[in-house]
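The values are calculated or read from the model by the stated rules, or taken from the named source; none is laboratory data. Just so it is clear, the model here is predicted, and its values are computed rather than measured. Cβ placement follows ideal geometry from the backbone for every residue including glycine, while neighbour counts extend to all protein chains displayed.
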Amino acid sequence: MPRCANRYRRSTTIFAAARRASSRRSSASISAGTRGSPRTWAWPRSERLTARSMTSPRRCIARAILVGLICLWTVAARAQDTSAATAAQSPSWIIPDLAAAARAEGALTVYSSMNEQEGLPLWKMFEDAAGVKVNYVRSSDSIILSRIAIESRGRQRSWDLAVTTTVNRLPNEALLQFDPPQARGLIAQARDPNRRWYGVYANYNTPAYNTNLVKPSQLPKSYEEFLDRKEWAGKIALDDTDDEWLSAIIVYYGDERGKKLLTDIAAVLKPVMVDGHLALARSVGAGEYWLALNNYASLTINVQLSGAAIDFWALDPVALFFGSVGVSSQAPHPKAALLGANFMLSREAGQFLTTRGRMPTRHDVPVNPTYVSERLKDRKIIATIFAGEEQRKWQGLFKDIFKPK
């Protein structure tokens, strides 16, 4: 810009000098003309503007104007390029006004059942882009549910965001109704009609086994065939909150037949109750248990990707529900909570989670590994999303069958 300004001043000075010289010549010409007939004043022929004779005065100022325009155009183009580059680099989930308000709040408290190996680097992505410090509190699904209930009764404003499979079981008054823009990319089943929770990842329920202790040829082809594996008694484990899986079995087989099948499995195989699906997957991967009667396929893959000897296979039915995100209606950092929820539903977060074996809920995020889709595509998938009285019914039945007194 300084060079452009200097050229313009230099050209203006030259032009002014030329005008003074021209004025003197013109005055002389007019004086001579008064001796005879009157004459109309005109630029001397040598100074008329032609393609050939665009000399110092106008030519210099034209050049100065042209140079100035080029400089202005260059600056504008560079600014446009910078703006476009910034937009291209900005994450899809960032909403500028909301992000500014979230930064002003300064922090975000997340209650999540996602293990630290996934959760901490995932939320580091959020911290780096949003400039908001995340307080990440990790517990099992059931503990998070209990903790929120206790804090709610004590009127404590402790958490902003919950990311777990039990979000849909929280009381309506505990959850804010909201419409995150990134939810438009989700499959229909992952959007709560009441707008209190949204599915971040899909939990497909399947059995799993230790690949060093059980051969693929030994795997049952139906849940009835588990009854023929009496030698597995005490070597099979099950999470002690798997009422979604139990409900899918009852729906698939029918009430009477389903209850009998589950009661027989409990009597013959004597599955060990484990607190936490991740703990269950790690125990099977380590060989502490030979098999999991049921677990989330995503956690089986997660532990497998870490190098453990574990894999899953799919039987009918496959219960489906979601690890969801919900915003506290009493969030101490409400703007940060809304921004955090939008982040969790974004393509960037979904792509990251698939590298850890999670099943995506977005249309534009492919499953990883790809063979998971092949194993599930011909199975009978039953969505099991319930709360309230229905939830208590299935919890009671699970307890009666697998945890009798």
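Tell me which helices (runs of 4 or more DSSP H) are completely within segment 82-168 and hold 1 or more residues being more than 22 Å from residue 241 (Cα to Cα) and in contact with a strand residue (DSSP E or B) (Cβ under 7 Å, 6 or more places away or on another chain), or say none if there are none.
The helices (runs of 4 or more DSSP H) meeting that bar are 116-130.
Return the residues of segment 291-308 that are in contact with a helix residue (DSSP H, G or I) (Cβ under 6 Å, 6 or more places away or on another chain) and either outside any helix (DSSP H, G or I) or not hydroxyl-bearing (Ser, Thr, Tyr) (or both); say none if nothing qualifies.
292, 294, 295, 296, 299, 303, 308, listed by residue number.
Taking segment 275-289 as the search range and keeping residues that are under 21 Å from residue 307 (Cβ atoms) and surrounded by fewer than 24 Cβ atoms within 10 Å (Cβ to Cβ), which one is nearest to the chain's Cα centre (by Cα)?
Of everything passing the filter in segment 275-289, 278 is nearest to the chain's Cα centre (by Cα).
Right, residue 210: touching a Phe, Trp or Tyr at 6+ places or on another chain (Cβ under 6 Å), among the polar types (S, T, N, Q), touching a residue at least 24 places away in the same chain (Cβ under 8 Å) and over 19 Å from residue 342 (Cα atoms) or not?
Against the criterion (touching a Phe, Trp or Tyr at 6+ places or on another chain (Cβ under 6 Å), among the polar types (S, T, N, Q), touching a residue at least 24 places away in the same chain (Cβ under 8 Å) and over 19 Å from residue 342 (Cα atoms)), residue 210 qualifies.
Please go through segment 217-258 and give me each residue that is assigned to a helix (DSSP H, G or I) and polar (S, T, N, Q), ordered by number.
217, 218, 247
Which residues, counting only those in segment 309-333, are assigned to a strand (DSSP E or B) and under 20 Å from residue 219 (Cα atoms)?
Residues satisfying the conditions are 310, 311, 312, 318, 319.
Is it true that residue 337 is under 22 Å from residue 144 (Cα atoms) and part of a helix (DSSP H, G or I)?
yes
Would you say residue 217 is farther than 29 Å from residue 400 by Cβ and modelled with pLDDT of 95 or more?
Yes; evaluated as a whole, the condition is true for this residue.
Give segment 161-193 a look and list any residue that's among the hydroxyl-bearing types (Ser, Thr, Tyr) and over 17 Å from the mean Cα position of the chain (by Cα), or say none.
166
Assess whether residue 128 counts as being free of Cβ contacts under 8 Å to residues at least 60 places away in the same chain and among the acidic types (Asp, Glu).
Criteria met by residue 128.
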